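The values are calculated or read from the model by the stated rules, or taken from the named source; none is laboratory data. Only a predicted model underlies this, so the values are computations on that prediction, with no experimental measurement involved. Here Cβ is always computed from backbone atoms with ideal geometry, including for glycine, and neighbour counts include all displayed protein chains. For the accessible areas, the whole protein counts, side chains as well, though only heavy atoms, and no ligand, DNA or RNA atoms are used. Shrake-Rupley method; radii C 1.70, N 1.55, O 1.52, S 1.80 Å.
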Amino acid sequence: MLQRTASVNNVEMDSLAIASVFQIGDSNLIQGFSRAIAVQREVELFFDNEGNFANYPIFSEPLPLIPISETINMSRQNINPFIKVGNIDIIGVSSSSIVHLGNTNHVTLETRVKHIRQLSPKK
Amino acid sequence: MNFHVYNRDISVGAIKVSAVASSSLFLVGDAETIQLASTFDTPPESLIIGPFVPLAPESGSR
């Protein structure tokens, strides 16, 4: 089945970090996972060896994705086979994210973040 | 369910995005299935007001 083509004039991207992908062209299967312990401390205090994912259940609990049980038969007609985009301006792409120009088939992405706030008592 | 798609003209002038972060997807193109899942938690006990105690270090076992 003929697929569409993405035609992009200009892409400007400032930063692409931490296991992120800038894909130009088609792909078939995308699978991404990222997890983080986000600590906000009121005082600039950094330790070298800190944080253990095993201590927090959020990183191991199941994350149910609702299965698609209904049979969907989809038919597609690409009368105009182009996806035209003039200008794309992205400042940051981070933590296993994907900027994808082109077609793909199956994408599964998951992220788990544990937030911790540490405030100093003297008020 | 029958799902007929007729792709006619689609053309976007300018897109400005400040961030694509934590397992996000910015797709210009077609896809068959996309499954995105995210979970985060900030329970009351993760708001700590008191002396700064470093979090438990990474356990030795990998």
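Could you tell me which of rounded, prolate or oblate describes the protein assembly as shown, using a ≥ b ≥ c as the square roots of the eigenvalues of the alpha-carbon gyration tensor, with rounded for a/c under 1.5 and, failing that, prolate when a/b is larger than b/c and oblate otherwise?
Cα axes put the protein assembly as shown in the prolate bin.
Using a ≥ b ≥ c from the Cα gyration tensor of region A:56-123 (square roots of the eigenvalues), is it rounded, prolate or oblate, where a/c under 1.5 gives rounded and otherwise the larger of a/b and b/c decides, a/b for prolate?
Numbers: a/c = 4.03, a/b = 1.61, b/c = 2.50.
Oblate is the answer for region A:56-123, as a/c is 1.5 or above yet b/c matches or exceeds a/b.
When the Karplus curve 6.51 cos²θ - 1.76 cosθ + 1.60 is applied with θ = phi - 60°, which whole-Hz ³J(HN,Hα) does each residue of region B:45-52 get, with x for Gly and Pro?
6, 8, 9, 10, 10, x, x, 7
Quick one: order A:Leu16, A:Leu101 from most to least accessible surface, probe 1.4 Å. Let's see the in-between values first.
Values: A:Leu16 85, A:Leu101 20 Å².
The ordering from most to least exposed comes out as A:Leu16, A:Leu101.
Let a ≥ b ≥ c be the square roots of the eigenvalues of the Cα gyration tensor of region A:1-99; is it rounded (a/c under 1.5), or, if not, prolate (a/b larger than b/c) or oblate?
Cα axes put region A:1-99 in the oblate bin.
With a sphere of radius 13 Å drawn around the Cβ of B:Val20, what net charge do the other residues whose Cβ falls strictly inside it have (Lys, Arg +1; Asp, Glu -1)? It would help to have the intermediate numbers written out before the result.
Working: positive: B:Lys16; negative: A:Asp14, A:Asp89.
Surrounding charge for B:Val20 is -1.
What order do A:Glu42, A:Glu50 take when sorted by accessible area (1.4 Å probe), most exposed first?
A:Glu42, A:Glu50
Whole-Hz Karplus ³J(HN,Hα) for region A:5-22, in order, using 6.51 cos²θ - 1.76 cosθ + 1.60 and θ = phi - 60°, x for Gly and Pro?
Whole-Hz 3J(HN,Hα) from phi for region A:5-22: 10, 8, 10, 10, 6, 8, 10, 10, 9, 7, 9, 9, 9, 6, 6, 10, 10, 10.
Search the structure for amide H atoms under 5 Å from the amide H of B:Ile15, placed 1.01 Å from N in the peptide plane, and list their residues when 5 or more places away or on another chain.
Those qualifying (amide H under 5 Å, at least 5 residues apart or on another chain) are A:Asn87, A:Ile88, A:Asp89.
If I histogram all Cα-Cα distances within chain B using bins 10 Å wide from 0, what percent of pairs lands in each bin?
10, 23, 27, 18, 13, 9, 0
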